[in-house]
1. May I ask you to list the residues in the stretch 317-328 that are within 30 Å of Ser281 (Cβ to Cβ) and either part of a strand (DSSP E or B) or out of contact with any helix residue (DSSP H, G or I) (no Cβ under 6 Å at 6 or more places or on another chain) (or both)?
2. From the set of residues in the stretch 341-363 that are more than 16 Å from Gly374 (Cα to Cα) and in contact (Cβ under 8 Å) with a residue 60 or more places away in the chain, which is surrounded by the fewest Cβ atoms within 10 Å (Cβ to Cβ)?
3. Give the residue that is nearest to Gly406 (Cα to Cα), with candidates limited to residues of the stretch 453-508 that are more than 44 Å from the chain's Cα centre (by Cα) and in a strand (DSSP E or B).
4. As an exercise: evaluate Val303 against (1) farther than 30 Å from Ala257 by Cβ; (2) in a loop (DSSP other than H, G, I, E, B) and give the number of the one condition it does not meet.
5. Can you tell which of Ala340, Ala336, Ala349, Ala373 is closer than 12 Å to Leu310 by Cβ, out of contact with any Asp or Glu (no Cβ under 6 Å at 6 or more places or on another chain), aliphatic (A, V, I, L, M) and not in a loop (DSSP other than H, G, I, E, B)?
6. Given the condition closer than 30 Å to Asn220 by Cα and in contact with a helix residue (DSSP H, G or I) (Cβ under 9 Å, 6 or more places away or on another chain), answer yes or no: does some residue in the stretch 285-304 qualify?
7. Looking for something more than 16 Å from the chain's Cα centre (by Cα), of a type in the set (Lys, Arg) and closer than 20 Å to Pro248 by Cα - is there at least one such residue anywhere in the stretch 344-366?
8. What do you reckon, is Ala270 over 27 Å from the mean Cα position of the chain (by Cα) and crowded, with 17+ Cβ neighbours inside 10 Å?
Amino acid sequence: MLFDFTSGLLLGSAIIGLIIYGWMRRREHSKIQAAREKMDAELRETQLAQREAHSKALNEVEQKRIEQQRLLEDREHKIKLALDEVTQKQAQLAFAKNRLDEQESLVKQEEAELKQSKHDAVKQRRLYQMKLHAVSQMDKSTAQRELMRLVEVECADSIQDMRVEKLGKTEKEINDLAQRTLLAAMQRITSRPMNNATATVITLPSEDLKGRIIGREGRNIRTFEQVTGTTLMIDETPDSVLVSCFDPVRREIARIALEALLKDGRIHPASIEEAVTKAESEMTENVIELGEQAVRNLRLGSVHPEIVNLVGKLHYRLSNNQNTLDHSIEVANICALIAAEIGLDSTLAKRAGLFHDIGKSIDELYDKSHAVAGAEVLKRHSEDPKVVNAVAAHHEEVEAISAYAGLVMVADALSAVRPGARTSSIEGFIERVRSIEEIAKEEPGVIDAYAIQAGREIRVIVEPEKVGEEASRQLARRLRKRIEEELHYPGSIRITVIREQRFTETAI
């Protein structure tokens, strides 16, 4: 009985073990199947990804090929166009070369003809000289002078008629037209006199401030003069101090700084340096503002900042008691008005007029005249060549290449000689008048000469028996040339030659 139970238990255990073993085998098989399916899925995904990457790479390669093909076609098209252009230019050059060869052949032919003509003329001249010598028994120079005299006498009327015909207008008509043009331009601008003082006087609130300005052992005034580059003149004049300096810009900086120190009340070396620094900054801003305002008012457009700065500095410089910036603006306006009347570019004329004295505000490093130095600065900043030449030539130091130089000369003279613009001493005026009259009286045939209209006109009286009409005209031109070469004067001088005959009889 026990054996049967034990056998049954062992048999049951064996069955259970077989069942568990079978279950584990099925489970293991399931895991292996699942892993195999997973590996197959991953392999399929990997193959799919590889096919997609391959396809994408093929697409990119195809796109790059298409792009390269397009670029290649574009380059081939451009090269073809360039080749066509080169071929066309070669054809043009060949045509031009043929034309040039033809012109050269014509020039050589004309030169040969001219050479032959000169040779024939020399032969004819020698023949005529021999005939003339044989007829008159005169030498060459005597015969030439006699022939020129006879030709001049016989052809005087023809020469005058030809001159009028060539010019198209008589000299009087030309002068009248010039006068009307200048008057039309001058009437469009308002003249106002300038009377700026050259000395800078600062009024003190009280006499005690003079001591504070001087400081202990003079340290304040020494610091002020050293920092500003000016000289303070403290004399017995009550409640005033004089600032003296050759440079008007430094003098203005010193004035601003000293007025600021007097207003603040603290005067010592440190405050002086601080006040001068602020005054220099304020002065720089003021100079730029003045230059920009001048350029803006004249509507000149783009101007280099350095030129604007130099234009602003002109405000603090005087020329014969005339403010140089106001003078330059006035010259610019006159240039523009005259240019508009005679058909020139008014903008270029205004630029030339405004910049004509810009060399006066350049520092002492430039050792040339203000006209040439100003022209060099304008040229360095790519100003128009006509403007550069007009600035350099407005005192006739260089040759004028355009009409704008003449415009600046005329406008500069008009601005300088208008009433109240500049001051001159009575001694200088008398000397100029006396010199003009002496130059006129030195000419042969002159009876007397009188300078009138404050030396702006001279009237010369000649002997009508000795000086004819053509000689009177030549006399006026000689006087003009001598006055221009020998005298220095502002503006212009009108020369009038008077040739008059009067016959008087008295009936009894």
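The values are calculated or read from the model by the stated rules, or taken from the named source; none is laboratory data. Quick caveat, the model's predicted, so the values are computed rather than measured. Glycine also receives a Cβ, built like all others from the backbone with ideal geometry; neighbour counts cover every protein chain displayed.
1. Leu318, Ser319, Asn321, Gln322, Asn323, Asp326
2. Ile342
3. Ile498
4. Just one mismatch for Val303, condition (1).
5. Criteria check complete, one pass: Ala373.
6. yes
7. No, the stretch 344-366 contains no residue that is more than 16 Å from the chain's Cα centre (by Cα), of a type in the set (Lys, Arg) and closer than 20 Å to Pro248 by Cα.
8. No: the conditions fail for Ala270.
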